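Participant: Below are the structure tokens for one structure; questions will follow.
Values quoted throughout were computed directly from the atomic coordinates according to the rules given, and no laboratory measurement underlies them. As the structure is a computational prediction, the values presented were derived from the model and not from experiment. Using ideal geometry, Cβ is built from the backbone for each residue, glycine included, and neighbour counts are taken over all protein chains shown.
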Amino acid sequence: MSTPAPLALTGAGLAYGERSVWSGLDLTVGVGEFLTVLGPNGSGKTSLLRAILGLQPLTDGRLEILGRPARRGSKSVGYIPQQRLIDPATPVRARDLVRMGIDGDRWGPGLRSHRARVDELLAAVGATSYADVPLGLLSGGEQQRVRIAQALGTSPALLLCDEPLLSLDLRHQHEVTALIHETREATGTAIVFVTHEINPVLPWTDRVLYLAPAGHAIGAPDDVLTSANLTALYGTPVEVLRSQGRVLIVGGDEHTHHVDEAHE
């Protein structure tokens, strides 16, 4: 008997009142697959993640994690949030955050059995040297490494990445995406990676899900990211340019997007 897919959506639709965010979404993400989710603001990328996390019910269709309905707090799903500022005075250490990914909010001196697992996760993301450093004193890239370790605490079948590259410079963007890629190769964890910038993840992306005002498209990056496809999805002229392995998309409701512009 075959193992159910980490993520499967069938005829999935989501609406807020009279406004349909997306509909008719059929998508299966296989073991170890890297799916990159693209689209303009308001296209429903965050809503998709909320639905997978069991926080937002669909209005149509089905959504299953390993063959079962999505539910809040599932240990089969890991989640890496957007990069955000942490107060330098915050006393929580890197290892404390990782432990929370294993045992949630259960704190106390008796919970020592997870120390080996915490050390293992920190080592896997290259964060051993700052395991006992307060989170607020770490760089953005270091913080994201710790968040990846936290998200892997339950050995999830599916890892959701919600704009994890925001506010990171180009070097740290590549470090974080390479680390996520190495994780899925080592563990078989499927990746759903939401981003506005395709170039840092393009080398690792198996398929793209592009959400746009006039619909959605799913397929290999070279098949989805074309001028004809995106023009149809936006209902307005869009041009896709390629140069030295990078993709630049011009048009739609954003003049230029999916490009790592600064931090060179």
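Participant: Among the DSSP beta bridges whose two residues both lie in segment 1-158, what percent are antiparallel, rounded to the nearest 5?
Facilitator: Looking only at bridges with both residues in segment 1-158, the antiparallel portion is about 95 percent.
Participant: With charges set only on the Cβ (+1 for Lys and Arg, -1 for Asp and Glu), what does the dipole of the chain come to about its Cα centre, in debye to the nearest 20?
Facilitator: Roughly 1040 debye, rounded to the nearest 20.
Participant: Starting at 0 and stepping by 5 Å, how many percent of the alpha carbon pairs of the chain end up in each bin?
Facilitator: Bin by bin from 0 Å, the calculated values are 1, 6, 13, 17, 18, 16, 13, 9, 5, 2, 1, 0, 0.
Participant: Within segment 1-110, list the trypsin sites (Lys or Arg not before Pro) lying in a DSSP loop whose Cβ has at most 13 other Cβ atoms in a 10 Å radius.
Facilitator: ARG71, ARG72, LYS75, ARG84, ARG106
Participant: Restricting to the chain, compute how many DSSP beta bridges are antiparallel as a %, nearest 5.
Facilitator: Taking every DSSP beta bridge with both residues in the chain, the antiparallel ones total about 60 percent.
Participant: Label-point separation (nm) for THR3 and ASP169, each offset 7 Å from Cα along Cα-to-Cβ?
Facilitator: The modelled label-to-label distance comes out at 3.9 nm.
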